[in-house]
1. Quick one: what does P(r) look like for the stretch 1-90 with 10 Å bins over all Cα pairs, in whole %?
2. In debye, nearest 20: dipole of the chain around its Cα centre with unit charges on the Cβ of K, R (+) and D, E (-)?
3. Which entries of LYS246/LYS331; LYS39/LYS281; LYS39/LYS303; LYS281/LYS331 show an alpha-carbon separation above 26 angstrom in the structure shown?
4. Quote the convex hull volume per residue of the stretch 144-242, based on C-alpha atoms, as a whole number of Å³.
5. Gain in length, HIS266 to GLU214, computed as 0.36 nm per residue apart minus the alpha-carbon separation, to one decimal in nm?
6. Could you give the distance between the Cα centres of the stretch 1-40 and the stretch 257-322, to the whole Å?
7. Whole-Å semi-axes of the stretch 77-182's equivalent ellipsoid, largest first, each the root of 5 times a Cα gyration tensor eigenvalue?
8. Which FRET efficiency value, to the nearest 0.05, do you get for ARG280 and ALA44 by plugging their Cβ-Cβ distance into 1/(1 + (r/R0)^6) with R0 = 35 Å?
Amino acid sequence: MVTGIAGFIGYHLATRLADDGHEVVGIDSLNDYYSVALKCGRLADLGLSAGPFFDSLPYRSSTHPNISFFKISIDDRHALPRLFDREGFEVVINLAAQAGVRYSLENPFAYVDSNITGMVNILECCRHYHVRHLLYASSSSVYGTNTKIPFSEEDAVENPASLYAATKRSDELLAQLYARLFGIPSTGLRFFTVYGPWGRPDMSPMLFADAICEGRPIRLFNHGEMMRDFTFVGDIVEGIVRLLDKVPEGVTPSDIFNIGRGEPIHLLEFITEIERALGRKARFEMLPMQAGDVPLTFADTSKLRSRTGYAPTTSLREGVELFVEWYLSNKNPLKPHKQTHNEINRHESVATI
């Protein structure tokens, strides 16, 4: 089971799992936090383009016979248990969440409903339907205001900088509790600034590319003095796949892994690569730090490498070129000339985590 299959990472993971021969059941609520057209574009690319999707009705992919889709929210306490009972999932990968750091300051209850209530619903279903392994998306944002670098899984994570980060840390604590009380093996995945084709429009690559193409200034917070451990989505997916069979054991069968490039990149360097790939120059508006942001993220990936033999390898130039190639293609439902003025302005500030 892949929750959030119409999301950025969920789409890429479902594609990979299907190509590897797994039977994949995906769910998504298709909420409108960002463009539903983009989410439906991802589903269509998975062969799930049967028109309107209706709650609790299954759709089978026309191109991947081993992918099916249900329009269900993870906090639905009636539909989700029925699906678990029907499908008998062996592995659950929970990627569904209310995303975005800054938006959590505006709409906190959306984060509680999805990221906490939804996680408890997933855990209860795993408990009652005997799932072999639960993997779930956490975030580098749990490291909050930590000043020790690189960020290690052993670091204290008690100072979140945003409500989003607090809900992701809550997910980790809930998973550890269910592992200890009920023996549910769970693996938390702390993703570091993911980018690539089919990315979210509220994250920095799309915001930067949109602004450059339309001649608008890029808004850089902390006067541009920000560094992020940008990680290509294909490397994120490879990390997840490598961990599928690494089922935690012991009295509390729970584990947590960083999945990041392990190489912080200055935002201006990232923008330079986008400029090069687009063949256009950017303009800038320098602004102070915004609430909920941190100046630096930096993944210690030694644990992932030790346990799986893998660490992300995609170079910044290669990853940005792949992103821009998709961004300019007809596969992108949000190409600048297709966006409305309101869609462009809605996410004008930069959200990079």
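Throughout, read-outs are computed from the coordinates displayed, never taken from laboratory work. Keep in mind it's a predicted model, so treat the numbers as computed, not measured. FYI the Cβ positions are ideal-geometry reconstructions off the backbone, even for glycines, and counts take in every protein chain you see.
1. 18, 56, 26, 1
2. Taking the Cα centre of the chain as origin, the dipole is about 340 debye.
3. Pairs exceeding the cut-off: LYS246/LYS331; LYS39/LYS281; LYS39/LYS303.
4. Hull volume normalised by residue count: 139 Å³.
5. Here the answer is 16.4 nm.
6. 23
7. Over the Cα atoms of the stretch 77-182, the ellipsoid semi-axes are 27, 17, 10 Å.
8. Efficiency for this residue pair is about 0.75.
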